[in-house]
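Notes follow once the structure below has been shown.
The values are calculated or read from the model by the stated rules, or taken from the named source; none is laboratory data. All figures in this text were calculated on a predicted structure; none of them were measured in a lab. All Cβ positions, glycine included, derive from the backbone under ideal geometry; neighbour counts span all protein chains shown. We work out accessible area using only protein heavy atoms, side chains counted, and drop any ligands, DNA or RNA first. Shrake-Rupley method; radii C 1.70, N 1.55, O 1.52, S 1.80 Å.
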Amino acid sequence: MNWKLFIARRIYKNKEEGEKSVSKPAVRIAIAGIAIGLAVMIISVAVVIGFKHEVRDKVIGLGSDILITSLDEAQSYQVTPIVGDDSLMSILKDMPGVKHVQRYATKPGMIMTSDNFQGIVLKGVGQEYDMSFLQRHLIEGEIPVFTDSVSSSQALVSKAIADRLGVKVGDKLYTYYVENNVRARRLTVAGIYQTNFSSYDDLFLLTDLRTVVRLNSWKEGQVGGLEVSVDDYARLNETNEQLLLFFNERTDKYGGKYYSQTVEEVYPQIFAWLGLLDVNVWVILILMVGVAGFTMISGLLIIILERTNMIGVLKALGADNTSVRKVFLTLAVFLIRKGMLWGNVLALACCGVQYFFHPIKLDPAVYYIDAVPIELNVWVWLLLNIGTLVVSVWMLVGPSYLISRILPARSIRFE
């Protein structure tokens with residue numbers, strides 16, 4: 001029989017059954033420290049992972065993982081077309097790591113009503129354009145079928161623009177585009193969307209690709225750019241390097257040069273901000289592990305001092321310091337396990353409430369989303385639990401050496 005495990009269980013069971021001792025309040029505090037620390041760590045990581053993925057998916061949903069444009073456009077703000085014909089689309093789709101390719105074109109302009117006006121960017125998309133993101137954020141109306149061969153005269157308008165101009169589904173919009181002369185287009189509001197991404201909602205109207213290409217007076221096959229989705233976001237840079245190699249020194253039939261860049265290069269400030277969140281998580285993890293560890297250290301020291309007489313008896317019976325230390329470290333594992341159980345219950349309950357009911361809201365104008373997101377990864381959850389257990393026990397190894405300073409001759413008389 002493992003007598004060290006037996007004694008540790010007896011001590012733990014006595015405290016569970018209501019044994020009156022000076023160490024019991026310290027034990028409760030230690031368990032609470034472990035529970036609160038682990039709960040805070042799980043909730044923090046779940047919130048940060050959820051927030052990063054929500055914002056990243058929203059940025060990608062409004063564009064794509066990789067953007068292929070003209071090299072001239074990448075170096076200036078001028079819209080320069082490239083050829084995006086079916087042949088190039090087919091080649092790109094067959095590349096390893098590429099999931100989907102879609103064409104687009106843009107044209108800056110202005111909406112004017114009888115009493116208001118609004119600067120806009122008209123974005124034209126083809127029939128292959130993935131509308132799943134906009135479908136999730138459609139709040140009124142419907143998404144029309146856009147093509148690159150027929151002008152639909154329909155448009156998707158953001159809620160921000162609709163509210164500012166006082167328009168609704170079915171209303172006519174008069175848009176104007178100034179280049180060498182003023183050109184006008186009348187568009188019908190087919191649907192209203194809201195992404196809470198202000199830099200997009202405040203500017204973009206979506207319509208068919210043909211309308212925008214004609215407004216730009218581009219030649220056959222020319223588009224503003226290509227948006228590429230990847231199979232695995234973790235290999236984003238690898239796929240982009242493959243595209244850069246493919247387009248190296250390549251020109252279209254009108255002499256335009258291609259340039260490829262990732263979404264992280266297009267929006268560096270947003271992804272730099274998301275990267276800073278990882279620093280906050282590490283700070284929280286270190287602080288919470290420290291708090292949990294030190295509460296356990298104080299609890300263990302009090303238990304050792306309370307059990308000085310028992311330690312002396314065990315040593316008198318032939319137990320060495322290592323064996324006695326294992327008794328108290330095993331007891332500490334029991335206490336840590338109980339604290340971790342309550343910490344997981346608390347964390348999962350809080351995450352569940354926020355995930356299903358969204359009681360904690362955010363300002364979409366600042367955070368791009370309207371509620372605190374939760375994404376609990378099973379592997380991260382397991383790693384936090386295992387890490388908490390290992391680090392807490394490791395922090396107790398040093399204080400357990402106090403047992404080696406307890407002498408049987410004195411400790412047996414200790415009260």
Most fluctuating of E128, E140, E179 in the GNM of the chain (C-alpha, under 10 Å) is E179
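For segment 189-267, give the percent of accessible area contributed by carbon and sulfur heavy atoms, probe 1.4 Å, rounded to a whole number. Intermediate values should be presented prior to the final figure.
Working: 1490 of 3590 Å².
Summing carbon and sulfur atoms, their accessible area is 41 percent of the total for segment 189-267.
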Relative contact order (%) - the chain, alpha-carbon pairs under 8 angstrom, separation at least six: 28
Links exceeding 20 Å between C-alpha atoms in this model, out of K107/K168; K123/K257; K24/K315; K24/K338; K58/K99; K93/K123, come to K107/K168; K123/K257; K24/K315; K93/K123
Can you pull the accessible area of H137 for me, 1.4 Å probe, Å² to the nearest 10? 40
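So if the hydrodynamic radius of segment 215-274 is defined as the Kirkwood radius over C-alpha pairs, what does Stokes-Einstein give as its diffusion coefficient at 4 °C and 1.567 mPa s, in µm² per second?
Here the translational diffusion coefficient equals 95 µm²/s.
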Exposure of K326 as accessible area (Å², to 10), given a probe of 1.4 Å and all protein chains: 100
Residue with peak Gaussian network fluctuation, the chain [Cα springs, cutoff 10 Å], from S132, S64, S158: S132
Accessible-area value, S114, 1.4 Å probe, nucleic acids and ligands omitted, Å²: 130
J(HN,Hα) series, segment 354-364, from Karplus relation 6.51 cos²θ - 1.76 cosθ + 1.60, nearest Hz, glycine and proline x: 5, 5, 8, 10, 6, x, 9, 9, 10, 7, x
Heavy-atom SASA rank of D278, D208 (probe 1.4 Å, accessible area, largest first): D278, D208
Between the residues A162, S151, N180, the Cα farthest towards the positive end of the dipole of segment 145-191, that dipole coming from +1 and -1 charges on the beta-carbon of Lys, Arg, Asp and Glu, is from A162
Accessible area per residue for segment 49-112 in Å², computed with a 1.4 Å probe and the full protein assembly in place, what is it? 43
Give me Rg over Rh for the chain, both radii from the alpha carbons and Rh done the Kirkwood way, two decimal places. 1.22
Share, in percent, of DSSP beta bridges within the chain that are antiparallel, nearest 5: 80
